[in-house]
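What follows is calculated from the coordinates using simple rules that are stated; it is not laboratory data. The model shown is predicted, which means the values in this text are computed figures rather than measured ones. A quick note on method: Cβ atoms are made from the backbone with ideal geometry, for glycine too, and the neighbour counts reach across all protein chains shown.
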Amino acid sequence: MKFDQLYADWKILYKAVRVKVSESEQSISKHENFHENLLNVEKWLMIMRQKLESFCSSSGGWSVENRLHEAERALGEFPEKEIQLHQTEVQGEGVLARTSEEGRVHIRRDLQRLRESWTSLHALSLNLFRLLNGQEASGSTDISMEGHDPPPWGDWWRSRPEPTLSRTVAGVVTTGPAGGP
């Protein structure tokens, strides 16, 4: 009788341990996936920053001369990566819920660094976007986004209109093709 009770208790305990082990393995897997995705997004941010900065001369001017398609391709990567960024943030928030307070500090720091890197890169990309759309690009990599709508990456990439410039001649505002008379 006592053996049967011990065996029943052992089975219950064994099941509970297996459940905890399984939960721990899932948690570890989620942490690993988050970390891998975070590293992938950060790598892309670093590479894209280098690409975008390559369109800026040492004097601070922006140019896509002989590199128009390369510039369009670079900006065309943003919609997909923005989705990936948001997915990584959501994934990070989910991992936070199952992490100790000591670990949360590191995850929050990683997510903050990711957001700051994205914001900085997005601001930098606005210069190239403006240049491709016939507007003057700022020489600074720390431009203000105040008063400027963010580029509609997906729509811009699919159906890019011909760049136009507005000019004021003798008090009259005219609009024409970029580079035109």
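Partner lysines whose Cα lies under 20 Å from the Cα of residue 11, excluding those fewer than 8 positions away in the same chain, are identified as 2, 20.
The trypsin sites (Lys or Arg not before Pro) of segment 94-127 meeting both criteria, a DSSP state outside H, G, I, E and B (loop) and at most 16 other C-beta atoms within 10 angstrom of the site's C-beta, are 98. Separation of segment 82-116 and segment 41-56, taken as the distance between their Cα centroids, equals 22 angstrom. Projected label points at residue 115 and residue 59, each 7 Å from Cα along the beta carbon direction, are separated by 4.0 nanometres.
Going through segment 9-76, which GluC sites (Glu not before Pro) have at most 12 other Cβ atoms within 10 Å and a DSSP loop state? Here the sparse-neighbourhood loop sites are 65. For segment 21-136, the relative contact order works out to 41 percent when only alpha carbon pairs closer than 8 Å and six or more residues apart are counted.
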